[in-house]
Amino acid sequence: MSRVIAIIGGTGPAGAGLALRWARAGETVIIGSRDAARAEQAAETIRKRAGANAQVSGMENSAACAATDLLALTVPFEGQAALLKQLKPAIRAGSVLIDATVPLATSVGGRASRTIGVWQGSAAQQAAELVPKGVSVVAAFQNVSAEVLNGDEDVDCDVIVCSDDPDATQVAMEIAVKIAHVRAIDGGRLENARIVEQITALLIGLNIRHKGHGGIRITGLPDGAYKRTGVVTR
Ligand SMILES: NC(=O)c1ccc[n+]([C@@H]2O[C@H](COP(=O)([O-])OP(=O)(O)OC[C@H]3O[C@@H](n4cnc5c(N)ncnc54)[C@H](OP(=O)(O)O)[C@@H]3O)[C@@H](O)[C@H]2O)c1
């Protein structure tokens, strides 16, 4: 059964792009923001694009956390820790939190094609340290360009999903493949997020160099390693 997906920081391009794709696939989505009015405005824009039946609403971030147990986190690295500390009381026990945060050097005034070191190993591992006990953190979607998500073309990307909770990995893989043409791959433990996050900096550098919106495809694994669905989202 589908669960409502709340996107914390869903007013930005990454969160709004995921919301658009999930809304087109028939999922119920809540856009979270620090400001309820901004969330509702972003939800309205997505509803207009996703079609009359789209189920997208907007809420302040803590209300969005309280409303469901499936969360996606799409905020800049510099805001991630403080926001999670603030939201901690609102995050429901047993929730799955899918973190797309990349610790880009832009968070300290540096280049988007570089990352900064995170003591815990990755932004996702930092998130895991900050959520309430019993909440499972999954790292995913760091390598999918918001530009592509917000467009109308199919998303020609693989999504590598990393978590220490195999059930949470399955949940994230299921919602990843709601996006047409996305394949989800179990990337193992959450500590592997440190590698996946670095790939984003490489992709940003490639996109600047070649003026594109590159993603990744992993080749050569057995068929069973790739989760895919035939969902058509447009
Ligand atoms: N853009 C991409 O192509 C892409 C692709 C993959 C992964 N990512 C990662 O996904 C995350 C979001 O990317 P984005 O480009 O959508 O970022 P963004 O536009 O800079 O931020 C997204 C939203 O986060 C909220 N926010 C901003 N600063 C915040 C702070 N200090 N504290 C709490 N909330 C804050 C804002 O929403 P409100 O003001 O409404 O609260 C904003 O609309 C980043 O970590 C990025 O590295 C991005």
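Every number in this text was worked out from the coordinates using simple rules, so none of it is lab data. Computed from a predicted model, the values in this text were never measured in an experiment. With ideal geometry, Cβ positions are generated from the backbone for all residues, glycine too; neighbour counts draw on all protein chains shown.
Taking the Cα centre of the chain as origin, work out the dipole magnitude from +1 charges on Lys and Arg Cβ and -1 charges on Asp and Glu Cβ, in debye rounded to 20.
Computed about the Cα centre, the dipole is about 340 debye.
So what's the net charge close to Ala19: Lys and Arg +1, Asp and Glu -1, counting the other residues with Cβ under 14 Å from its Cβ? Walk me through the numbers on the way to the answer.
Working: positive: Arg21, Arg24, Arg38, Arg47, Lys48, Arg49, Lys178; negative: Glu27, Glu40, Glu44.
Result for the neighbourhood of Ala19: +4.
Counting other C-beta atoms within 10 Å, and keeping those with at most 12, which DSSP coil GluC sites (Glu not before Pro) do you find in region 146-208? Mind dumping the intermediate values first?
Numbers: sites: Glu147, Glu153, Glu174, Glu191, Glu197; in loops: Glu153.
Here the sparse-neighbourhood loop sites are Glu153.
Rounded if a/c is under 1.5, else prolate if a/b beats b/c, else oblate: with a ≥ b ≥ c from the C-alpha gyration tensor eigenvalues square-rooted, which is region 83-234?
Judged from the Cα gyration tensor, region 83-234 comes out oblate (a/c at least 1.5, b/c at or above a/b).
How much length would be gained if the chain were fully extended between Asp164 and Thr28, taking 0.36 nm per residue of separation minus their Cα-Cα distance, in nm to one decimal?
Full extension of this stretch gives 46.3 nm more.
Express in nm, to one decimal, how much length is gained between Glu153 and Lys133 on full extension, taking 0.36 nm for each residue of separation and deducting their alpha carbon distance.
3.3 nm
Which order do His210, His181 fall in if you start with the one that has the fewest other Cβ atoms within 10 Å?
Going from least to most buried by this count: His210, His181.
Which residue, Ala14, Ala82, Ala128, has the most motion in a Gaussian network model of the chain that connects Cα atoms within less than 10 Å?
Result: Ala82 has the largest fluctuation of those listed.
Could you list log10 I(q)/I(0) for region 164-234 at q = 0.20 Å⁻¹, which the Debye formula gives when each Cα is one point scatterer?
With one equal scatterer per Cα and no solvent, log10 I(q)/I(0) is -1.03.
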